[in-house]
Amino acid sequence: MQRRQLLHTLGTLPLAAGAGALLAAPAASARLLIVFLRGAYDGCNLLVPTGSSFYYESRPDIAIAKPGAGGEADPLAALPLDAQWGLHPALKNSLWPMFQKRELAFVAFAGTDDTSRSHFETQDGIELGQPLDGRRNYRSGFLSRLAEVVNGAAPMAFTDQLPLSLQGRLQVPNMALRAIGKPALDARQRQLIADMYDDTPLAAPVQEGFAVRANVARQLADEMDAAGRNALTARGFGAEARRIGRLMASGYNLGFVDVGGWDTHVNQGGAQGNLATRLGDLGQGLAQLAEAMGPAWRDTTVVVLSEFGRTFRQNGNRGTDHGHGTVYWVLGGGVRGGRVVGEQVPVDAAHLFQNRDYPVLNEYRAVLGGLFARQFGLRPAQLAKVFEGVTPRDLGLV
């Protein structure tokens, strides 16, 4: 605790002479939390383009039904947002009420201009927030630069190791958060099932089935963990969200947490399944975070983003592959929500990027720059220090 207090103190000291002219006064007690979904989550099944017939043609096995398609109370249908968009039903009891209270907005067709489709390269690029055509400085993340121009900044990383976004001149504390979920069947349960088929013709197939399943699960878990860079799981985030909320409310005004497990190449699912479970856990966690923050929620903005989106069409494994454009979430007590914002195009084949992905129409640095300028009262010179060469795009989110 003494070390944490020391790091917190160091992180809130004014910058050295020469940088003082860039210091800004935060807007009241404004707080910002970045939630990074590592592994590239499928924004098309989060913010569902219910007005697009092309969406339903492209995803025969994993599409989310239109609102009211199975009756007004259909629990598997998208939740209506407007005439063109719906929300995944797993968020009915967590984020949908926030949208209705106008505390949640979505930025469609968002992302980076990086087209590598590499998890690691694109994650690094977003966290650094530097021009794509320049040399990367891995000791200068965009949140660290933001902390340098916000007077009284108190950053905190809720991660195992300090993320790239908070690497920089300031000393920033980090606190590991982790909750490991249990497998569906433990070793004792698997043995009980195997014993049921002992001395029968099915004994060998059952044992082989368990072995194959364990091997495949291990391979998929390894791939997903690699894409997620050992980040907290969605279930783990839900378990720790209240702690994050209390810490943010108690004095930290710039936060970062990453959540892994979004690389859904196989058996992604639709209204139910792997993605639905993760979205449900994440939504509950965000709702709990808001509750834990109490009155501080009014001054808090949470931005949920990912390195890129996923292919618009489903693949042969009933999943989706690495894509391009995605959907960002912006929520908070002071957010002007209840809207899908940013530049948009029709969701059809003619407007796909490289005939496979959502295009990026709302570049992330411009979107975040416009948000930061409003939230923290940044002047152009201060914003240029955070995002060099970027013209901020004010979407009126706060």
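Only the coordinates and a few stated rules stand behind these numbers; no lab work does. Since the model is a prediction, treat every value here as computed from it, not as a measurement. Neighbour counts run over all protein chains shown; Cβ positions are idealised from the backbone, glycine included.
The peptide list 111-120, 154-163, 346-355, put in order of mean Cβ contacts within 10 Å with the highest first, becomes 154-163, 111-120, 346-355. Counted by Cβ distance under 10 Å from Glu388, the other residues give a net charge of +3, where Lys and Arg count +1 and Asp and Glu count -1.
For every other residue with a beta carbon closer than 14 angstrom to the beta carbon of Arg313, add +1 if it is Lys or Arg and -1 if Asp or Glu, then tell me the sum.
-2
Subtracting the Cα-Cα distance of Asp160 and Tyr197 from 0.36 nm times their residue separation leaves 9.0 nm of extension gain.
Could you give me D for the range 63-132, from Stokes-Einstein at 37 °C and 0.692 mPa s, where the hydrodynamic radius is the Kirkwood radius over C-alpha pairs? Units µm² s⁻¹, please.
In µm²/s, the coefficient is 224.
Is the C-alpha gyration tensor of the range 329-398 telling us rounded, prolate or oblate? Criteria: a/c under 1.5 is rounded; beyond that, a/b larger than b/c is prolate, otherwise oblate. It is oblate, given that a/c is not under 1.5 and a/b is not larger than b/c. Mean projected area of the Cα convex hull of the range 48-173, taken over all directions, amounts to 11.4 nm². May I ask for the net charge around Ser144, where only other residues with Cβ less than 12 Å from the Cβ of Ser144 are counted and Lys, Arg are +1 while Asp, Glu are -1? Charge balance near Ser144 sits at +2.
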